[in-house]
1. Could you tell me whether Val4 is β-branched (Val, Ile, Thr) and over 16 Å from the mean Cα position of the chain (by Cα)?
2. Looking at the range 103-114, which of its residues are open to solvent by 30 Å² or more (accessible area, probe 1.4 Å) and of a type outside the set (Phe, Trp, Tyr)?
3. For residues that are at pLDDT below 95 and not in a strand (DSSP E or B), tally how many sit in the range 8-43.
4. Could you grab me the full set of residues in the range 87-140 that are over 20 Å from Leu13 (Cβ atoms), in a strand (DSSP E or B) and among the β-branched types (Val, Ile, Thr)?
5. If I go through the range 1-49 residue by residue, how many of them are crowded, with 16+ Cβ neighbours inside 10 Å, hydroxyl-bearing (Ser, Thr, Tyr) and within 22 Å of Gln135 (Cβ to Cβ)?
Amino acid sequence: MVDVSDVLGTWTLVKWTTLKNGEADGYPMGEDAHGQIIYSAEGRMAASLMRQDFSDNPSTTNPTPDVCLAYGGTFRIEGDEVIHDVIFATLPHWIGHPLKRTMNWKDGDLCLNTAPETSKSGNTYEHELRWRKLQSSQAG
């Protein structure tokens, strides 16, 4: 079981992978996407993700979820899941809804997986976001 103290701090995105039927199937914001997620001792969280080429993208005047994504609110841990209770988001349909992520660890990195969803074609999709904790000497 994961303790809240295991996730507190600032994490930087290592990789965001889409899984199709359990196998890697691409990168929603490119292989070199940037991101940060922060979990505070007060129970607050905030996450931001963006494409590496965000500033070169003509749609940045009206960003879409495949260019930049941000949300925040509160969080809690239940078993091996972290639940983000969304208060604000660039995706309005997320606001007021919990986002559940299964947590596991790979070489000290925190991996957050979305729940699998089955498409009309019968394929199962999920996302794995791998995060690396920043040390205080890396902050700034």
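The values are calculated or read from the model by the stated rules, or taken from the named source; none is laboratory data. The structure presented is a predicted model; accordingly, all values stated were derived computationally and were not measured. Using ideal geometry, Cβ is built from the backbone for each residue, glycine included, and neighbour counts are taken over all protein chains shown. Each accessible area value is taken on the protein alone, full model and side chains, heavy atoms only, with ligands, DNA and RNA left out. Shrake-Rupley method; radii C 1.70, N 1.55, O 1.52, S 1.80 Å.
1. Criteria met by Val4.
2. Asn104, Lys106, Asp107, Gly108
3. Result for the range 8-43: 11.
4. Ile87, Thr118, Thr124
5. Looking only at that region, the number is 3.
Every residue, every condition in (1) at pLDDT below 95; (2) surrounded by 16 or more Cβ atoms within 10 Å (Cβ to Cβ); (3) over 12 Å from Val7 (Cβ atoms); (4) among the polar types (S, T, N, Q), yes or no:
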site: Glu78; (1), (2), (3), (4): no, no, yes, no
site: Val82; (1), (2), (3), (4): no, yes, no, no
site: Val86; (1), (2), (3), (4): no, yes, yes, no
site: Gly96; (1), (2), (3), (4): no, no, yes, no
site: Arg101; (1), (2), (3), (4): no, yes, no, no
site: Thr118; (1), (2), (3), (4): yes, no, yes, yes
site: Leu129; (1), (2), (3), (4): no, yes, yes, no
site: Ser136; (1), (2), (3), (4): yes, no, yes, yes
site: Gly140; (1), (2), (3), (4): yes, no, yes, no
